[in-house]
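Working notes, beginning with the structure itself.
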Amino acid sequence: MNFDIPSELKIVQRSAREFAEQVVAKYVTGMEETGEYPKALIPALAEAGILGLIAPLEYGGSDLGYLARTLALEEISRVSAAIGLSMQCHHMQIAALVDWGTAKQKKKYIPALCRGDYLGVVAVTEPTGGSDLMGMTSVATPTSTGYVLNGRKCFITNSHLAGAPLVVAKTGEGPRGLSAFVIERELKGYSTGRQEHKMGLRGANTGELIFKDCKVPRSNMIGDEGAGLKVGLKAISETGRPGMAAIALGILDASLDEAVKFARERVLYKKPISNLQAIQWGLAEIYADREACKLLCYRASWLKDQGRECATEMTLAKVVTTEAAVRASRKALEIHGGCGTMLEYPVQRLYRDAMVCVSAGGTTEIGKIVMSRAVLD
Ligand SMILES: Cc1cc2nc3c(=O)[nH]c(=O)nc-3n(C[C@H](O)[C@H](O)[C@H](O)COP(=O)(O)OP(=O)(O)OC[C@H]3O[C@@H](n4cnc5c(N)ncnc54)[C@H](O)[C@@H]3O)c2cc1C
């Protein structure tokens, strides 16, 4: 076994860190204050190669794979988990197009996503409940030339920054009764609805997509009719969950950084509080969570890069790392005492961001169901 990050991926990691610290960092305060996504950052994300990280070379990407993606998302999320979320959902649509799109569809949409003409979206969740995919009510009714789509998607990342989101809707009954479509924003009957105000990941754009008698050409279907559940689940389990895990890893890194910094600076009883054993234990707990999660996240991404079965490992990494990020950011906040509750200290943002990561990409309970199935099998 070799646990070293390959040297070419260390370059990706280092440049993502520099990009996050030098460019992304400038937008953090504004995102926190307004809850708005900084659109001006999109060309820079394209230029830095973050948008096209897992896209094939022939479609304008850099095809660096999932371990590279995890390292890059971790570095970005160490500075802004909100931008991490936006990027991870963007990658989900690219992955779905790579896995299921025709050559023509790939050529049409993937280069535009890599260039940042618009951001990627996978829209599955509806007000009827994200955990119950089969309970969705959006319907695509067949016509002579394609489908007419009616319905509403909620909690969708990059909703208002999308140009051609991937949307899953009912075309029949049962598990073979869902299909996936790319819906271009020019199509009549497609609009965006409310934008959510979240407690954390505030700068990530989250909102509704609304379809009212939206005529969708047959050529916009991704995969076969009835393959929508597979398209959605593969994107969620093999790209969405490791993406959320990488974001949570970035929060763990930042929690450790902030806790160590504060513990060294804060003087009580004439000494830094890092001299107190209870504080040292707290730092050790954050460190232990961070290191254990790194192993889970990097291994799951490596498995995907090897083309091996990895859905359970991705879910394991997502559940354990997002829960650890909540625990570690809370511990880091407690180490700050009252200062931890003041908005000028980043640690309170880390805690709020970590809480949002738990449900985005599928809740811990759903993750446990997936893992228990693997254990029982
Ligand atoms: C910031 C953010 C970004 C998101 N981005 C996207 C996106 O880009 N695209 C998209 O499609 N969706 C997105 N989502 C939606 C996300 O996938 C859902 O929030 C998630 O799947 C949970 O669905 P829900 O919120 O409707 O909760 P519900 O499904 O209503 O669940 C409520 C509670 O019931 C529990 N529960 C449900 N079923 C079971 C069960 N069988 N056993 C035990 N407990 C159960 C859940 O764990 C949860 O605690 C996003 C969500 C957030 C918060």
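Counting only residues that are open to solvent by 30 Å² or more (accessible area, probe 1.4 Å) and at pLDDT 95 or above, which one in the range 175-188 is nearest to the ligand (Cβ to nearest atom)?
Residue satisfying both the conditions and the ranking: 185.
Only residues that are without any contact (Cβ under 8 Å) to a residue 40 or more places away in the chain, of a type in the set (Asp, Glu) and surrounded by 11 or more Cβ atoms within 10 Å (Cβ to Cβ): list them for the range 1-41, please.
Passing the criteria: 18, 33.
Give the range 293-310 a look and list any residue that's more than 20 Å from the chain's Cα centre (by Cα) and either in contact (Cβ under 8 Å) with a residue 12 or more places away in the chain or closer than 21 Å to residue 367 by Cβ (or both), or say none.
308, 309
Mind listing just one residue for me: the one in the range 357-377 that is under 11 Å from residue 315 (Cβ atoms) and more than 7 Å from the ligand (Cβ to nearest atom) and, of those, least open to solvent (accessible area, probe 1.4 Å)?
367
Working only within the range 195-236, note down all residues that are outside any loop (DSSP other than H, G, I, E, B) and in contact with a Pro (Cβ under 8 Å, 6 or more places away or on another chain).
Within the range 195-236, 209, 229 meet the criteria.
What do you reckon, is residue 11 within 18 Å of the chain's Cα centre (by Cα), outside any loop (DSSP other than H, G, I, E, B) and among the aliphatic types (A, V, I, L, M)?
The answer is no for residue 11.
Among the residues of the range 152-168, is there at least one that is modelled with pLDDT of 95 or more, more than 13 Å from the ligand (Cβ to nearest atom) and open to solvent by 10 Å² or more (accessible area, probe 1.4 Å)? Spell out how you get there, then give the answer.
Restricting attention to the range 152-168, the residues satisfying the condition of being modelled with pLDDT of 95 or more are 152-168.
Narrowing the set further to residues that are more than 13 Å from the ligand (Cβ to nearest atom) leaves 163-164.
Retained after the next criterion (residues that are open to solvent by 10 Å² or more (accessible area, probe 1.4 Å)): none.
Taking every residue of the range 152-168 in turn, none turns out to be modelled with pLDDT of 95 or more, more than 13 Å from the ligand (Cβ to nearest atom) and open to solvent by 10 Å² or more (accessible area, probe 1.4 Å).
Just to be sure before I move on: is residue 61 near the ligand (Cβ under 10 Å from one of its atoms), surrounded by fewer than 22 Cβ atoms within 10 Å (Cβ to Cβ) and not in a helix (DSSP H, G or I) in the structure I sent?
Numbers: near the ligand (Cβ under 10 Å from one of its atoms): no; surrounded by fewer than 22 Cβ atoms within 10 Å (Cβ to Cβ): yes; not in a helix (DSSP H, G or I): yes.
Here the answer is no, as residue 61 does not meet what is asked.
Evaluate the following for residue 270: is it within 17 Å of the chain's Cα centre (by Cα), open to solvent by 30 Å² or more (accessible area, probe 1.4 Å) and of a type in the set (Lys, Arg)? Steps first, please.
Numbers: within 17 Å of the chain's Cα centre (by Cα): no; open to solvent by 30 Å² or more (accessible area, probe 1.4 Å): yes; of a type in the set (Lys, Arg): yes.
Considered against the rule, which asks whether it is within 17 Å of the chain's Cα centre (by Cα), open to solvent by 30 Å² or more (accessible area, probe 1.4 Å) and of a type in the set (Lys, Arg), residue 270 comes out as no.
Can you tell me which condition residue 121 does not meet? The list is (1) aliphatic (A, V, I, L, M); (2) within 16 Å of the ligand (Cβ to nearest atom); (3) open to solvent by 40 Å² or more (accessible area, probe 1.4 Å), and all the others hold.
Result: residue 121 passes all but (3).
For the range 127-145, check the following and say yes or no: at least one residue is over 17 Å from residue 231 (Cβ atoms), within 12 Å of the ligand (Cβ to nearest atom) and touching a strand residue (DSSP E or B) at 6+ places or on another chain (Cβ under 7 Å).
yes
Yes or no: the range 137-150 includes at least one residue that is surrounded by 24 or more Cβ atoms within 10 Å (Cβ to Cβ) and either outside any strand (DSSP E or B) or without any contact (Cβ under 8 Å) to a residue 60 or more places away in the chain (or both).
No - not one qualifying residue is present in the range 137-150.
Say whether the condition of being among the acidic types (Asp, Glu) and part of a loop (DSSP other than H, G, I, E, B) is met by at least one residue in the range 49-58. Don't jump to the end; show me each part of the working.
Quick first cut of the range 49-58, residues among the acidic types (Asp, Glu) only: 58.
Next, only the ones that are part of a loop (DSSP other than H, G, I, E, B) stay: none.
No, the range 49-58 has no match at all.
Is there a residue being of a type in the set (Ser, Thr, Tyr) and either farther than 29 Å from residue 82 by Cβ or part of a loop (DSSP other than H, G, I, E, B) (or both) anywhere in the range 99-110?
Looking for residues that are of a type in the set (Ser, Thr, Tyr) and either farther than 29 Å from residue 82 by Cβ or part of a loop (DSSP other than H, G, I, E, B) (or both), one finds at least one in the range 99-110, hence yes.
For the range 327-355, name all the residues that are surrounded by fewer than 21 Cβ atoms within 10 Å (Cβ to Cβ) and closer than 24 Å to residue 154 by Cα.
Residues satisfying the conditions are 352, 355.
The values are calculated or read from the model by the stated rules, or taken from the named source; none is laboratory data. What you see is a predicted model; the values in this text were computed from it and never measured. Cβ coordinates were reconstructed from backbone atoms using ideal geometry, including for glycine residues, and neighbour counts include every protein chain displayed. Note: areas computed on protein heavy atoms with side chains; ligands, DNA, RNA excluded. Shrake-Rupley method; radii C 1.70, N 1.55, O 1.52, S 1.80 Å.
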